[in-house]
1. Please go through (1) within 14 Å of chain B (Cβ to nearest Cβ); (2) without any contact (Cβ under 8 Å) to a residue 12 or more places away in the chain; (3) not in a loop (DSSP other than H, G, I, E, B) for A:Asn52 and return the number of the only condition it doesn't satisfy.
2. Could you tell me whether any residue of segment A:42-55 is open to solvent by 30 Å² or more (accessible area, probe 1.4 Å) and on the phi > 0 side of the Ramachandran plot?
3. For segment B:1-32, how many residues are closer than 14 Å to B:Cys92 by Cβ and open to solvent by 40 Å² or more (accessible area, probe 1.4 Å)?
4. Criterion first (over 29 Å from A:Ile47 (Cβ atoms) and among the small types (Gly, Ala, Ser)) does B:Gly107 satisfy it?
5. Out of the residues in segment A:17-26 that are open to solvent by 50 Å² or more (accessible area, probe 1.4 Å) and in a loop (DSSP other than H, G, I, E, B), which is modelled with the lowest pLDDT?
6. If a residue must be assigned to a strand (DSSP E or B) and more than 14 Å from every other protein chain (Cβ to nearest Cβ), how many such residues does segment A:66-91 contain?
7. Residues that are open to solvent by 10 Å² or more (accessible area, probe 1.4 Å) and either facing chain A (nearest Cβ under 8 Å) or free of Cβ contacts under 8 Å to residues at least 60 places away in the same chain (or both): find the strands (runs of 3 or more DSSP E) completely inside segment B:33-115 holding 3 or more of those.
8. Look through segment A:27-41, keep the residues that are touching a residue at least 40 places away in the same chain (Cβ under 8 Å) and not in a strand (DSSP E or B), and return whichever of them is least open to solvent (accessible area, probe 1.4 Å).
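The values are calculated or read from the model by the stated rules, or taken from the named source; none is laboratory data. Since the model is a prediction, treat every value here as computed from it, not as a measurement. Cβ placement follows ideal geometry from the backbone for every residue including glycine, while neighbour counts extend to all protein chains displayed. Areas reflect the complete protein model, heavy atoms only, side chains present, ligands, DNA and RNA absent. Shrake-Rupley method; radii C 1.70, N 1.55, O 1.52, S 1.80 Å.
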Amino acid sequence: SQQGEEDPQALSIQEGENATMNCSYKTSINNLQWYRQNSGRGLVHLILIRSNEREKHSGRLRVTLDTSKKSSSLLITASRAADTASYFCATVFSGNTPLVFGKGTRLSVIA
Amino acid sequence: NAGVMQNPRHLVRRRGQEARLRCSPMKGHSHVYWYRQLPEEGLKFMVYLQKENIIDESGMPKERFSAEFPKEGPSILRIQQVVRGDSAAYFCASSPRRGDDNEQFFGPGTRLTVL
């Protein structure tokens, strides 16, 4: 299975702290994407990193990809209460193939 | 440019009834994906369609489930003779014409409850 797995399953931090979530996968990929899901809502695309990229930034988000270890990490700096959500990584094998999601990390940011 | 639309947002059915879930992709998107999410789980792929064609249905149960994406109108996911285990959130995503990135845009989901 190509399914990604996020680690940790749940994370609770204070507002202002950084949050780091990790994702591991099993097969070669074209790219890896991170999504956020607020409780009871749909998914919001956060960032995409291609297999030939090692690091990418978007605002307070920093994503790294290590294809040799088949792993990625998502760092949220200076977290806010509004960052409270579940975060999923999803891998893309090639082209328009379906996304393969992990089970997610539930992040709670306490004000 | 409206996002991906799904309706209904909530659907309640009794066991044995049929559930029809609709998805209108973003304008200009010809690829539609359906995913199912159980509580506390990630999304699981069900089916991938282009206009009038099913490209990949490897994630869809062989019985009771069907999907279509007609030339005109929304994509439909149909579940016949629903059972309690079908209770889940069903998400539709669309993407534009073929590209290597396959960034998908998700709808708000339909939450199906089977009584």
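1. The single condition A:Asn52 does not satisfy is (3).
2. no
3. Total satisfying the criteria: 7.
4. Numbers: over 29 Å from A:Ile47 (Cβ atoms): no; among the small types (Gly, Ala, Ser): yes.
It is false that B:Gly107 is over 29 Å from A:Ile47 (Cβ atoms) and among the small types (Gly, Ala, Ser).
5. For segment A:17-26, the residue satisfying everything is A:Lys26.
6. Here is the first cut: in segment A:66-91, the residues assigned to a strand (DSSP E or B) are A:66, A:71-76, A:85-91.
If we keep only those that are more than 14 Å from every other protein chain (Cβ to nearest Cβ) as well, we get A:66, A:71-76.
Summing the residues that are assigned to a strand (DSSP E or B) and more than 14 Å from every other protein chain (Cβ to nearest Cβ) in segment A:66-91 gives 7.
7. B:43-50, B:53-56, B:65-68
8. Start the filter on segment A:27-41 by keeping residues that are touching a residue at least 40 places away in the same chain (Cβ under 8 Å), which leaves A:27-39.
Pick out the ones that are also not in a strand (DSSP E or B) and you get A:27-30, A:38-39.
Details: A:Thr27: 49, A:Ser28: 83, A:Ile29: 21, A:Asn30: 40, A:Asn38: 51, A:Ser39: 114 Å².
Per the criteria, the residue is A:Ile29.
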